[in-house]
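Q: Can you read through this structure? Questions will come right after.
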Amino acid sequence: MIIHKEEIANSNEQLAGKHQQKLTALNNNLKKDSKAIIDKLVKFQVGIPSWALGTGGTRFFRFSGAGEPRNIEEKIEDIGLLHALNRSSGAVSLHIPWDIPEDYASIRALAAQHGLGFDAMNSNTFQDHPGQKLSYKFGSMQHVDKAVRQQAIDHNIEVIKHGVALGSKSLTVWLSDGSSFPGQLSFRKAFQNTLESLAEVYKALPNDWKIFVEYKAFEPNFYSTTVGDWGQSLLYATKLGPKAYTLVDLGHHLPNANIEQIVALLLQEGKLGGFHFNDSKYGDDDLTTGSIKPYQLFLIFNELVAGLDARGLNHATGLGWMIDASHNIKDPLEDLLQSVEAILIAYAQALLVDAEALEDAREQNDVVRAQEILQDAFRTDVRPLVAESRLQAGGALDPIALYRSLKVREKLIGERGHKTVATGL
Ligand code: PSV
Ligand code: MN
């Protein structure tokens with residue numbers, strides 16, 4: 001199904017009066033030019049991964065939702081629905097082999113029809129796939145057997161080829177390689193094998209491509225992970241060369257890690273390339289962005305904005321932005337709308353920070369004023385700015401309300417049936 005412009009316009013008309021009131025009240029109190037902020041919000045796009053359109057499960061069970069997309073075309077259709085509603089979900093991030101494009105031209109045309117492009121491609125050597133010759137049980141790029149390493153390298157090169165055909169410009173590599181018990185693995189050999197394997201993939205990267213090395217503290221291995229933290233990822237990225245970058249996934253740290261500091265330093269080194277949004281309470285919970293620690297999300301955005309500005313990078317295109325969440329019990333599309341909204345709220349709040357005053361407070365060692373400056377921005381209800389940016393971009397003032405009133409899920413169930421299961425998590 002598609003959402004028609006008139007449906008969006010009709011619903012916006014009904015909400016316009018109330019929205020205008022809130023926006024005017026906010027504008028009257030803002031110290032910054034809201035037009036410049038709204039323009040930036042309009043441009044900011046967050047990629048949607050193809051595996052996030054089904055109801056993700058936990059390691060215990062997956063309660064599949066109804067009307068889930070059955071193939072790559074229907075996944076693109078779902079992302080098109082999101083983008084029609086919020087105008088901020090303009091890119092698809094494909095995971096191979098969960099979603100292998102067969103007819104590139106028609107997939108590209110379908111995406112273009114919905115105003116979507118192709119963001120980072122994701123490889124997958126963390127599972128054994130049907131028909132695969134060798135097993136990744138003991139790792140992929142770190143494996144003691146060169147033939148397994150070669151299989152993982154070949155797979156990544158294959159993923160790049162799919163990406164080139166679709167117009168993507170980057171490859172994200174997340175490795176589950178590591179060990180489950182002490183003694184199982186030589187850390188040094190595992191690192192070296194992984195580096196050499198990544199170097200082979202790096203050689204196959206087109207000139208205008210980037211490779212993102214994603215790290216994760218633990219899981220599925222619970223003793224060691226071969227790309228376990230930002231230090232290790234940065235080591236690989238530095239040794240690989242200028243097209244290699246670190247990717248930060250918000251859920252991939254040990255509890256209480258200072259992610260905003262990690263982001264600040266990676267950006268300063270010019271080595272932050274990709275970003276996966278989600279939220280967590282305990283581990284890699286993959287919960288809705290901003291649902292647990294919104295202040296942390298704001299502090300991270302504050303460093304992202306400061307760091308991107310310091311390097312003269314475009315906020316919208318400087319990094320590869322993507323949601324990486326799993327919607328255990330929610331309708332995936334509603335959950336994704338909530339995540340994108342939370343991301344834009346944190347971004348808008350970060351744009352409100354008076355960077356000069358903050359710098360001055362720091363120079364004066366005025367700790368209280370520095371905190372006040374940040375919290376002043378964080379405690380501003382910027383939702384009218386985010387809604388206004390959607391309105392100006394042709395989206396809905398209230399995407400979730402419209403999604404529900406148009407009965408989108410019910411219609412998808414009508415088209416696809418109750419018992420559909422999307423590939424992915
Ligand atoms: C791993 O936990 C991860 O964050 C990687 O980005 C994967 O590609 C994705 O989740 C799906 O498993
Ligand atoms: Mn991730």
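Q: Counting other C-beta atoms within 10 Å, which of Thr420, Thr125 has the fewest, and how do the rest follow?
A: The most exposed by this proxy come first: Thr420, Thr125.
Q: Among the listed pairs Lys189/Lys243; Lys243/Lys281; Lys133/Lys161, which are separated by more than 30 Å between their Cα atoms? Intermediate results must be reported in sequence, preceding the final value.
A: On the way: Lys189/Lys243 24 Å; Lys243/Lys281 33 Å; Lys133/Lys161 21 Å.
The pairs that break the limit, which is 30 Å between Cα atoms, are Lys243/Lys281.
Q: Hey, another quick one. Provide Val164, Val173 in ascending order of the number of other Cβ atoms located within 10 Å of each residue's Cβ, fewest first.
A: By the 10 Å Cβ count, ascending: Val164, Val173.
Q: Suppose the chain between Ala257 and Asn29 were pulled fully straight at 0.36 nm per residue; how much longer would it get relative to their current alpha carbon spacing?
A: Taking 0.36 nm per residue and subtracting the Cα distance, the gain is 78.6 nm.
Q: On to the next question. With Cβ to Cβ distances under 15 Å as the rule, what net charge do the other residues near Glu77 carry (K, R +1; D, E -1)?
A: Its environment carries a net charge of 0.
Q: Can you give the net charge of the other residues whose Cβ lies under 14 Å from the Cβ of Glu260, counting K and R as +1 and D and E as -1?
A: My count for the surroundings of Glu260 gives 0.
Q: Please report Lys31, Lys411 as a ranked list, fewest other C-beta atoms within 10 angstrom at the top and most at the bottom.
A: Details: Lys31 10, Lys411 13.
Lowest to highest Cβ neighbour count: Lys31, Lys411.
Q: Considering the chain as a Gaussian network with a 10 Å cut-off on Cα pairs, which listed residue, Leu254, Leu116, Leu267, attains the greatest mean-square fluctuation?
A: Leu254
Q: Quick check on the chain: helices-only [θ] at 222 nm, where DSSP H runs of length 4 and up contribute -39,500 (n - 2.57) each and the sum goes over total residues. Nearest 500, please.
A: It lands at -15500 deg cm²/dmol.
Q: Please give me the summed charge of the neighbours of Ile300: other residues whose Cβ is under 14 Å from its Cβ, Lys and Arg +1, Asp and Glu -1.
A: Neighbourhood net charge equals -3.
Q: Considering only DSSP beta bridges whose two residues both sit in the chain, what percent are antiparallel, to the nearest 5?
A: Of all bridge pairs located within the chain, approximately 10 percent are antiparallel.
Any read-out appearing in this document is the output of simple, stated calculations on the displayed coordinates, not a laboratory observation. Just so you know, these numbers come straight off a predicted model, no measurement behind them. All Cβ positions, glycine included, derive from the backbone under ideal geometry; neighbour counts span all protein chains shown.
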